[in-house]
1. Taking a probe of 1.4 angstrom, what is the accessible area of Glu68 in Å², to the nearest 10?
2. So how do Leu22, Leu8 rank on accessible area, 1.4 Å probe, biggest first, that is with the largest at the start?
3. Quick check: at a probe of 1.4 Å, how many percent of the accessible area of the chain sits on carbon and sulfur atoms?
4. Accessible area per residue of the chain at 1.4 Å probe, in Å²?
5. If I fit a long axis through the Cα atoms of helix 44-60 and take the longest principal axis of the Cα atoms of the chain, what angle between them do I get, 0 to 90°, rounded to 10?
6. Please report the relative contact order for the chain, taking Cα pairs under 8 Å with a sequence separation of at least 6, and give it as a percent rounded to a whole number.
7. Once the dipole of the chain is set up with Lys and Arg at +1 and Asp and Glu at -1 on Cβ about the Cα centre, which of His15, Tyr3, Ala48 lies farthest towards its positive end?
8. Of the labelled options (1) 16.7; (2) 16.0; (3) 13.1, which one gives Kirkwood radius over Cα pairs in Å as computed for this structure?
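The values are calculated or read from the model by the stated rules, or taken from the named source; none is laboratory data. What you see is a predicted model; the values in this text were computed from it and never measured. Because the Cβ atoms are built from the backbone with ideal geometry, glycine has one as well, and the counts that use them run over all protein chains shown. Just so you know, the surface numbers come from the protein's heavy atoms only, side chains and all, with ligands and any DNA or RNA stripped out. Shrake-Rupley method; radii C 1.70, N 1.55, O 1.52, S 1.80 Å.
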Amino acid sequence: MAYSLIPLKNRSQYHLAVAHWLADHADADYKVMAAEHYEQGEAFLDAARQYELAARLALVRGASSEAETLFGRAETLSGKPALPHES
């Protein structure tokens with residue numbers, strides 16, 4: 001309910017703020033959530049980096065299938081054009 005009350009023009013900046021906070025945490029689940037928020041904020045390269053970090057953490061714990069999915073998502077997003085706020 002609350003999400004629908006946020007004006008569309010502001011949603012991207014809120015997604016990016018949440019993504020930055022999540023990205024500062026080392027846990028793989030946080031990396032995936034950060035990637036999803038970066039993606040929703042249209043920061044595709046940042047999202048790809050977080051998916052790749054999550055994939056590497058998945059490999060460390062032996063979750064190769066999960067890692068493969070996350071690496072694939074990172075690769076897909078790496079091919080999207082970068083937005084001006086990304087670098």
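1. Its accessible surface works out to 140 Å², give or take rounding.
2. Leu8, Leu22
3. 57 percent
4. I get 64 Å² per residue for the chain.
5. The angle comes out at about 30 degrees.
6. Over the chain, the number comes to 25 percent.
7. Of His15, Tyr3, Ala48, it is Tyr3.
8. Recomputing Kirkwood radius over Cα pairs in Å here gives the entry labelled (3).
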